[in-house]
Every structure is written in structure tokens, then in C-alpha cells.
Amino acid sequence: MKEQIAAWKDEITSWRHELHKHPELAFEEHRTADFVAAKLESFGLEVHRGLGKTGVVGTLRVGDSERSIALRADMDALPIHEANDFEYRSVNDNKMHACGHDGHTAMLLGAAKYLAATRNFDGTVHFIFQPAEEAAGGAPAMIEDGLFEKFPVDSVYGMHNWPGLAVGKFGVRTGAMMASFDTFDIEISGVGAHAAMPHTGIDPIMVAGQLIGALQTIVSRNADPIDASVISVTQVEAGDAYNVIPEKAVLRGCARALNADTRKMIEQRIRETANSLCEAFGASCKVDYANCYPVLMNSEDETAHAVSVAGQLVGENNVNPDHMPTMGSEDFAYMLEHRPGCYIFIGNGDGEGICMVHNAGYDFNDEAIETGVAYWCALTESLLIPG
């Protein structure tokens, strides 16, 4: 397996560079979807398009077993202007593969090529190429369009590169691996006034300042200190003049948790805190709270199997089965709510100069390609053993 994949490394890398050069944002991945579909068809797979608007599913059936699995990669880019100057840098202004989805897509295509050529398994593999992972909900869109009804599977698997983890290593954990992600908009209504006579009005900016601090007490005083959660106010809007107390102020931000009950508590307390504090100052508020991504929960048996496969591939010492959970979020969590499975981190390189994702200077590490392709292939062959 490793020798064959190594022989294809340059080809798979060229796919990655082509995808990197032409990034597309959420639900706009038309060129990317065309590229993926053409490759899958050239490997001899059944190709299905249109789930979740721009999603692509390739199906490979071998033998007569009723067992089936799904392997998923994400395709969308981010609205970032790339700072790199290599030959395959983005040609689309303010669009960039700053999270490695180009690498994820290329690796899954490489696995499809290998498995279609060798056919050393018995069952069905669905290769899911998902749009709009970056906070736009591509996974639920595909699920709502009948993903698991049209392509029933026993289990589903995902993989993401991880800067700071050496190439050739994996990190994973059972249970909560990535946090939930929710957003809030709080519009505070006061009474406008002259800045020289604040007593004649109700200052929504002052209320907003108090509320920013009060929201942090939800994490520090309402949540279990051992149960990680984060509330971040990321936008503040109010006022148009130096000498006018405005009528309204708006706070926007996000909340994250690694526990579903904590997630619910945070939403409740944000609503209660905002309304109570505004009432105390004579103001009023409107809270819009959106549940976006759930907690990503790896199931026990599937994660244990993934750890075993990765360990056989790169050595047990290169697989961390108790990787620290991250407060980042992933909409693969929706797929894990519908089917058991495992989401694993693959090393994107460590040491000096390594750039974290969502940065204008980031680039997927091509040295991780062979390991990623081999993991997908080994996982498939071990789950769908012939005989």
C-alpha cells in the first residue's frame, strides 16, 4: 500500500495545488465539485451531486457484503487574502484555503483512486466531499437532503490536519473532541441624550460595558471549572457622534462548550443575564441566540478501531489516543449525531515556522499526504475485510 501511494504522491500533490490555487467559499464550490466529480468518475466510481447544494458523493462497491462506511472531506475555503507567494497561491482575491481543506480533499481522492484500483475489501464505501464546513452548515445541509437515507452507512469517519503535531503522527480521543459553537446578537435599547446631560437618557453603551463583564461570570461562576467553556464578545457597535449618547448598542459574539448540558446552561444564562442587567439600568434588550454546531463526540468502538489502524500504520508511539480536546468546532459533529464514527487529527508539522489554520500564511503540508491517504485505505480495508 505505502509503495503504491508513494508512487502517486506527486500526482495527488498536484491535485492539492490545483485546488489551493482556485479556492471557493461556502456553497460556491462549483469548480471544486467539478474537479472532484471528474476524478471520481475517472476512477470508476458512481458519482452523485447536489446534496447540500455543491456536495459530491462517490460510491465504490466491491463484493456482496452489506457492510458500508463513509469517509468525509471538506472542500470550502475561507474569506482571507493569501499572504503566501508560491506558484500555486490563490488566484481569487480574498479567498484562500487557510484551513487545509484542499489537502483533505486531495487525500480522500487519493484513497478513492487506490481503493478503486486494488478493491481489497468487501462492502461499500461512500466518499463524502462536503461543502461549507466553515460556519455555514454544509454537513446538516447534506443530511437534510437525505445523505444517510440515500447512502446508508454503518459508521462515518473524518480527518483534519493539525499544525503543531508532527507529520506522521495522529491525535484523537473518545468522546468530546471539539466544542459546540453558538452565536449571539444582543441589541440593547436605551434612551438617547446629549452627552453633556447623561441623566436625561439611558446610556446603552454603559449597559453594554457592564454586560460584557457580566457574561464572563457565566463561565467563571456558573460552569464547572473542569468543564471547559468559552464566551467571547467579538463585536461592539454603538453611536455615531462624539457628543450624542445613542439609543442602541449591539453586542455580538460566540459561545463554546465541550458538554451538551453546559451548552444549554450558557444559552439560558446569557438570556437571563442580558435581560436582568438591562432591566436593572432601565434599558431593554433583544437576544438572538443561534445554535450552530453541536459538540463533536467520537464514539468509543469506532475511535478504538481508528487508534489501532493508525498505530499499525505509523507506530503506536506516534498515535495519541488522549489528544487534548479543542475549543474549535466542526460541523462533522452533525454526522456523528446520526451515525457512530471517529474524527482524527493528522500531523501537519511542528517546530519553528509552523502556521496555525485560519492564518493568511498557512499552507497544508504536502509531506502529510501519503500518511493521510494510507490511513483512509487501511481504515477501509480493516473495516470491510473480505470473507
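Side notes on the structure shown:
- The Rg/Rh ratio of segment 181-293, with both radii computed over alpha carbons and Rh defined as the Kirkwood radius, is 1.03.
- Segment 48-152: C-alpha gyration tensor shape, a/c 1.5 cut-off, then a/b vs b/c: oblate
- The gain in end-to-end length when the Ser220 to Phe148 segment is fully stretched comes to 21.9 nm, 0.36 nm per residue minus the alpha carbon separation.
- Evaluating 6.51 cos²θ - 1.76 cosθ + 1.60 at θ = phi - 60° for every residue in segment 321-333, the Karplus couplings come out as x, 10, 4, 4, x, 10, 7, x, 10, 8, 7, 4, 4 Hz, glycine and proline recorded as x.
- Here the peptides 85-96, 152-163, 114-125 are ranked by packing, the mean other Cβ count within 10 Å, and the order with the highest first is 152-163, 114-125, 85-96.
- Alpha-carbon Debye profile of the chain, log10 I(q)/I(0) at 0.07, 0.14, 0.15 Å⁻¹: -0.37, -1.16, -1.28
- Gained length - Arg89 relative to Glu352, 0.36 nm times residue gap less alpha-carbon distance: 92.5 nm
- Considering only Leu211, Tyr362, His194, the residue lying farthest towards the positive end of the dipole of the chain is Leu211, judged by Cα position with unit charges set on Cβ.
- Once C-alpha pairs closer than 8 Å and six or more residues apart are averaged by separation and normalised to the residue number of segment 181-293, the relative contact order reads 43 percent.
- For the chain, the residue among His323, Phe184, Ala283 whose Cα projects farthest onto the positive side of the dipole built from Cβ charges is Ala283.
- For the set Lys2/Lys39; Lys9/Lys169; Lys95/Lys248; Lys53/Lys248; Lys95/Lys150; Lys9/Lys150, the pairs lying more than 28 angstrom apart at their alpha carbons are Lys95/Lys248; Lys53/Lys248; Lys95/Lys150; Lys9/Lys150.
- Extreme residue, positive dipole direction of the chain, given options Trp376, Val167, Ala135 (C-beta unit charges): Ala135
- Our summary of shape: the Cα atoms of segment 265-354 have principal axis extents of 64, 38, 17 Å, ordered from largest down, in whole angstrom.
- The order of the peptides 174-181, 288-295 by mean Cβ neighbours within 10 Å, most packed first, is 174-181, 288-295.
- In a simple Cβ point-charge model (Lys, Arg +1; Asp, Glu -1; nothing else charged), the chain has a dipole of about 280 debye relative to its Cα centre.
- For segment 310-386, a/c is not less than 1.5, where a ≥ b ≥ c are the root eigenvalues of the C-alpha gyration tensor, and a/b does not top b/c. That puts it in the oblate class.
- Ranked for footprinting exposure by Cβ neighbours inside 10 Å, fewest first, Phe27, Phe129, Phe332 give Phe27, Phe332, Phe129.
- Rounded to the nearest 20 debye, the dipole size of segment 108-250 about its Cα centre is 680 debye, using +1 on the Cβ of Lys and Arg and -1 on the Cβ of Asp and Glu.
- Given +1 at the Cβ of Lys and Arg, -1 at the Cβ of Asp and Glu and no other charges, the dipole of segment 181-293 around its Cα centre is 160 debye to the nearest 20.
- Extension gain, Ser232-Thr200: 0.36 nm per intervening residue step, less the Cα-Cα distance, totals 8.3 nm.
- Asp322 versus Ala117: modelled label distance in nm, points set 7 Å from Cα along the beta carbon direction: 4.0 nm
- By the Cβ rule of 4.7 Å, the chain holds the following cysteines without a possible disulfide partner: Cys99, Cys254, Cys292, Cys342, Cys355, Cys377.
Rule-based calculations on the coordinates, nothing more; no lab input. What you see is a predicted model; the values in this text were computed from it and never measured. Please note: Cβ atoms are built from the backbone with ideal geometry, for glycine as well, and neighbour counts cover all protein chains shown.
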